[in-house]
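The values are calculated or read from the model by the stated rules, or taken from the named source; none is laboratory data. In this text, all values refer to a predicted model and were calculated from it rather than measured experimentally. When we count neighbours, we look across all protein chains shown, and the Cβ atoms used for this are built from the backbone with ideal geometry, even at glycine. All accessible areas refer to the heavy atoms of the entire protein, side chains included, with ligands and DNA or RNA removed. Shrake-Rupley method; radii C 1.70, N 1.55, O 1.52, S 1.80 Å.
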Amino acid sequence: MMAEDIATAFPAIEILKNEPLAHFTHTKTGGPADYLAFPTNIQETKSLLAYANDCHLPVTVVGNASNLIVRDGGIRGLVMILTKMNQITTDGQTVTAEAGASLIKTTQVAQSQSLTGLEFAAGIPGSVGGAVFMNAGAYGGEISEVAFSAEVLTTDGEIRTLNQDEFDFGYRHSSIQDYNDIVLTATFALKPGDGQAIQAKMDDLNARRAAKQPLDLPSCGSVFKRPEGHYTGQLIQEAGLQGLKWGGAQVSTKHAGFIVNIDHATATDYLDLIHHIQSVIWEKDHVKLETEVRIIGEAPVAERP
């Protein structure tokens with residue numbers, strides 16, 4: 001079986017060849033995927049993985065590519081974007097969403113059923129699968145507080161269900177990262193609430209986000225994890241780095257914890273600026289800034305050893 005036959009093997013699935021991932025990432029940067037597929041259901045995802053395994057193709061799932069930097073050399077093998085798997089259902093006090101469903105849309109569905117617990121995620125631009133994978137959080141809340149179970153596809157093609165005690169959630173971490181599983185669906189256990197109060201809280205958090213974050217420019221969200229005992233944005237401000245430009249990338253003048261694409265930035269611009277910030281903060285404050293954003297893919301050919 002040849003990898004080149006993948007589009008022929010799956011005529012019902014949209015599969016692009018040598019497609020620049022800059023067309024899909026929230027930073028508007030990133031090199032090409034050898035093959036980029038958009039499965040619409042669990043069976044298609046499982047079949048694509050099995051085919052890739054038979055062809056010895058590496059497989060990468062990127063959610064909706066919001067908290068992500070893809071290096072300019074792109075990604076070898078098969079990349080799957082699951083945003084066509086976006087169904088959301090409710091059952092009593094639970095909300096179940098497919099991996100590609102918008103996390104924002106999921107919070108809106110919960111609110112429509114007067115279910116409380118997901119308000120913190122009302123403005124997080126990621127997919128449900130990515131949110132569970134990363135244990136996304138904001139404004140004092142985290143996915144770990146509401147995740148009840150998840151269906152995942154293991155690297156060897158087995159579908160299994162993870163329960164609450166199997167997620168091993170930590171700060172921007174889950175066991176799914178350790179095993180490189182693919183989230184297929186996630187179920188959130190919520191509580192009855194007042195629909196108007198839930199909406200008011202979501203509106204308040206979204207207003208606070210809009211006031212503080214550069215939502216009008218391409219970015220990967222919060223770049224760095226919060227170091228213990230410090231605020232990342234404050235460290236960057238005090239180091240005189242806010243507003244610093246590197247190629248087409250810039251430390252946001254609105255929130256120093258964000259890097260925005262202001263002029264056709266490349267992923268290399270982003271990464272060089274990240275490394276510069278880390279170096280300056282370490283030298284000045286002896287604080288190690290770790291990236292929260294997921295960085296994947298290969299360096300461009302000119303940078304390879």
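Structure notes:
- Of all residues in the stretch 180-196, those being at pLDDT 95 or above and more than 17 Å from Leu103 (Cα to Cα) number 7.
- Subset tally (residues that are assigned to a loop (DSSP other than H, G, I, E, B) and on the phi < 0 side of the Ramachandran plot) for the stretch 116-146: 8
- Whichever residue in the stretch 16-34 is touching an Asp or Glu at 6+ places or on another chain (Cβ under 8 Å) and not polar (S, T, N, Q) and, among such residues, is farthest from Ser66 (Cα to Cα): Lys17
- Options Val61, Val95, Val128; residue that is modelled with pLDDT of 95 or more and farther than 26 Å from Ala200 by Cβ: Val61
- Hey, Phe133 open to solvent by 10 Å² or more (accessible area, probe 1.4 Å), at pLDDT 95 or above and within 16 Å of the chain's Cα centre (by Cα) or not: yes
- Filtering the stretch 147-164 to residues that are free of Cβ contacts under 8 Å to residues at least 24 places away in the same chain, farther than 14 Å from Phe188 by Cβ and not in a strand (DSSP E or B) leaves only Glu158.
The rows are residues; the columns are (1) farther than 20 Å from Gly137 by Cα; (2) touching a Lys or Arg at 6+ places or on another chain (Cβ under 8 Å).
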site	(1), (2)
Arg226	no, no
Ile236	yes, no
Ser252	yes, no
His255	no, yes
Asp272	yes, no
Gln278	yes, yes
Glu283	yes, no
Glu290	no, yes
Pro300	yes, yes
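- All positions within the stretch 32-68 that are part of a helix (DSSP H, G or I), hydrophobic (A, V, I, L, M, F, W, C) and either without any contact (Cβ under 8 Å) to a residue 60 or more places away in the chain or crowded, with 22+ Cβ neighbours inside 10 Å (or both): Leu48, Leu49, Ala52
- Answer from Thr106, Thr96 - the residue that is open to solvent by 30 Å² or more (accessible area, probe 1.4 Å), touching a strand residue (DSSP E or B) at 6+ places or on another chain (Cβ under 8 Å) and under 30 Å from Pro192 (Cβ atoms): Thr96
- Matching residues, the stretch 168-192, being part of a loop (DSSP other than H, G, I, E, B), in contact with an Asp or Glu (Cβ under 9 Å, 6 or more places away or on another chain) and of a type outside the set (D, E, K, R): Phe169, Tyr171, Ser174
- Once the stretch 109-123 is narrowed to residues that are open to solvent by 30 Å² or more (accessible area, probe 1.4 Å) and among the small types (Gly, Ala, Ser), the residue that is farthest from Asp194 (Cα to Cα) is Ser112.
- Residues located in the stretch 139-159, provided they are open to solvent by 80 Å² or more (accessible area, probe 1.4 Å) and closer than 18 Å to Gly100 by Cα: Phe148
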